[in-house]
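Asker: This is the structure, below, for whatever I ask next.
The values are calculated or read from the model by the stated rules, or taken from the named source; none is laboratory data. Remember, predicted model here, so these are calculated numbers, not experimental data. When we count neighbours, we look across all protein chains shown, and the Cβ atoms used for this are built from the backbone with ideal geometry, even at glycine.
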């Protein structure tokens, strides 16, 4: 929600300019000019192949996860990953400060100097 409220306008303008073929990054412009676009069906093929192989592994191997949990995990990840990626891209913050503080305290407790 924070990303949508504070950065939604910038994200929307970037999306619209990318659809028009206008980029503000010289490296990206260079790559667009010199490399061909990958056909859309390659993405679909990789997605379907990965999903099917995941189902096969969950069904055939001795895992404690049922197939429905695998599907729920994929759906949940497809919702959370874009939001976290945008947050990281905009703030350049790898982890919330509470996690960083906890890791620092743990490291000092385990390996005192």
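Asker: Tell me which of these residue 21 doesn't satisfy, since it passes every other one: (1) out of contact with any helix residue (DSSP H, G or I) (no Cβ under 8 Å at 6 or more places or on another chain); (2) assigned by TED's automatic domain parsing to the domain that holds residue 3.
Answerer: Condition (1) is where residue 21 drops out.
Asker: Still on this model: Among the listed residues 80, 71, identify the single one that is under 30 Å from residue 2 (Cα atoms), touching a helix residue (DSSP H, G or I) at 6+ places or on another chain (Cβ under 9 Å), without any contact (Cβ under 8 Å) to a residue 12 or more places away in the chain and not assigned by TED's automatic domain parsing to the domain that holds residue 11.
Answerer: Working: 80 fails: touching a helix residue (DSSP H, G or I) at 6+ places or on another chain (Cβ under 9 Å).
Only one candidate passes the filter, namely 71.
Asker: Counting only residues that are within 21 Å of the chain's Cα centre (by Cα), at pLDDT below 85 and on the phi < 0 side of the Ramachandran plot, give me the helices (runs of 4 or more DSSP H) lying completely in the range 1-90 with at least 1 of them. Write out each step before concluding.
Answerer: On the way: elements: 2-20, 26-34, 40-60.
Passing ranges, in order: 2-20, 26-34.
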